[in-house]
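Shown next, in structure tokens, is the structure this report addresses.
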């Protein structure tokens, strides 16, 4: 054991070297040692913690961790033991995340103290690589790791992000961890997990007798009594429960506080409402283990309930926690803790649902948390939905309807949305009948779904039940005709079906016939089979349509011509008032123009090009409904789709062939788009919806 401890001590000998891609003058700074698996983290130049990731400790950890006054709040043993340190539970080191029973493997209790003949029952988490390291007022570090058994077989992939900052004099760690199953994985309901912190002796609660603790494999650990002048810790949770009684109780936060030298120190762990099992059970022990375990229902309820989390291959789960560390004359008040909690749960965190084509093996729907103050995206989870090519969220945010453009045939899937957590629950799926569905819209007045089906040139209409599920198809209308392009316009190709703001009309843009059909919507949500036919210039290929909030003006992007037609909307049809060229590349060929959107305030119209150029073009909307080109931005490859966030301050561009979502800030006063450098890799993204 002494030899192993010595090797650990050697691994953390300081050698200063910096990540080359980050600034050295920011408030939060990460500095990596060149020869050792250590990243030093400072706040305002003061040491805060180290990200410590040698394989010898069985998992990456933050160790040691200091309070703002410079005092270590974590126990030194087993890496840097100090006089008087308890020597129980050698696997308790710093701040870590793992679990006692993953496919029968114990990741929590693994350490150098496990005998070789018992190692086969334990798992190890091995660091793989950093994917982001960024200094600044909010320091951000993201890494990947893998959960292996002793044969080297991978069970889980891990992506963890730390966001570190100073808030109101306290030092704050926000941890976001996504676990993705490499094989079928079961987290069996167990006691030891999930987020753990082992604190310094001074923060222990007084213990008046020896206690024996036994892990899942029968290995016993004795904890000695610690009644002395150093131990002064005490717990309190969000429900006002104190002391050792917080153990097993559910609460949204839990605080451990005590006297360290002349200062009071407070450590708060805050659960997040998007986590499984919220509010979590607290596995908080008086001898210095401070842990949140949302998966240990059975032990904490004396068998009254049980929670076994099962992930199929490529399925993911995300956990989010905030740790606040404060030092000063007094402990944090309940009011102060609740302020940190509100910030962690604050409204600037929205959810972003990304639909994608699944030919490259991705699942179809990826979910991200989006901070509309910073533009930062954080991956949360995914759902299997073949070729999720378009989606629509109902205005009340209760349901999400997603198209599957699968092998030309297609379907619509209905999901209920948990508005607190954003989790999706599949309700049912219905076939569109029409081939190649490529657009979906929702009529909130009649609770009706409309899909435009490119392959067969048709529209499908679905009514919905009270629970949001889809009823069997109610109407299927097929268009006939062709136009001048003998390659792309030999038959009808309905490309979008848009409900007017007053819910009276459905506008269907038909690329194949160069027509925009204007259907009257009946009181039951069905559409009149004899629409007003609005012809556009031959060879334009109208693709998508948007209407002003007043319903007075409509704008259609012409995919083949690289232009936008502006119309005045009347009861007798669309009256064209202007045509604007939106592609900076002049050619007689197919421009492949894609999406079109009005800004939330209606003052700007954006459209994308994805064949002759990769651009988003910004146009100012004038008082008479006409457009004035303001600017264009070069973007990722094949921007099939883009969308404003609900605040109108950001634009998200989906690069279908770039396998990228780009994040741009948007200035509603000037129409300027600027890259936020927060791009994320997503395979074949083609659709975005928001949940605020």
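Does the range 622-649 hold any residues that are under 15 Å from residue 602 (Cα atoms) and free of Cβ contacts under 8 Å to residues at least 40 places away in the same chain, and which are they?
622, 623, 628
The conditions are (1) part of a strand (DSSP E or B); (2) more than 19 Å from the chain's Cα centre (by Cα), and residue 425 fails exactly one of them. Which is it?
(2)
Would you mention how many residues in the range 284-328 are closer than 23 Å to residue 77 by Cα and surrounded by fewer than 19 Cβ atoms within 10 Å (Cβ to Cβ)?
The total comes to 0.
For the range 605-629, which residues satisfy the criterion of being surrounded by 18 or more Cβ atoms within 10 Å (Cβ to Cβ) and part of a strand (DSSP E or B)?
Passing the criteria: 605, 606, 607, 608, 609, 615, 616, 617, 618, 619, 621, 627.
From the list 392, 449, which one is in a strand (DSSP E or B) and within 30 Å of residue 345 (Cα to Cα)?
392
Quick one: which of 433, 365, 440 is crowded, with 20+ Cβ neighbours inside 10 Å and under 28 Å from residue 526 (Cβ atoms)?
Answer to the selection: 440.
Could you tell me which residue of the range 261-276 is farthest from the chain's Cα centre (by Cα), considering only residues that are surrounded by 20 or more Cβ atoms within 10 Å (Cβ to Cβ) and modelled with pLDDT under 95?
272
For residue 602, state whether it is surrounded by fewer than 18 Cβ atoms within 10 Å (Cβ to Cβ), over 20 Å from residue 495 (Cα atoms) and in contact with a strand residue (DSSP E or B) (Cβ under 8 Å, 6 or more places away or on another chain).
Judged against the criteria, residue 602 is a match.
Pick out the one residue from 246, 265 that is touching a residue at least 24 places away in the same chain (Cβ under 8 Å) and within 17 Å of residue 325 (Cβ to Cβ).
The match here is 265.
I'd like to check something: does the range 34-50 contain any residue that is surrounded by 12 or more Cβ atoms within 10 Å (Cβ to Cβ), closer than 17 Å to residue 170 by Cα and modelled with pLDDT under 90?
Checking the range 34-50: not a single residue is surrounded by 12 or more Cβ atoms within 10 Å (Cβ to Cβ), closer than 17 Å to residue 170 by Cα and modelled with pLDDT under 90.
The values are calculated or read from the model by the stated rules, or taken from the named source; none is laboratory data. As the structure is a prediction and not an experimental result, all values here were calculated from the model. When we count neighbours, we look across all protein chains shown, and the Cβ atoms used for this are built from the backbone with ideal geometry, even at glycine.
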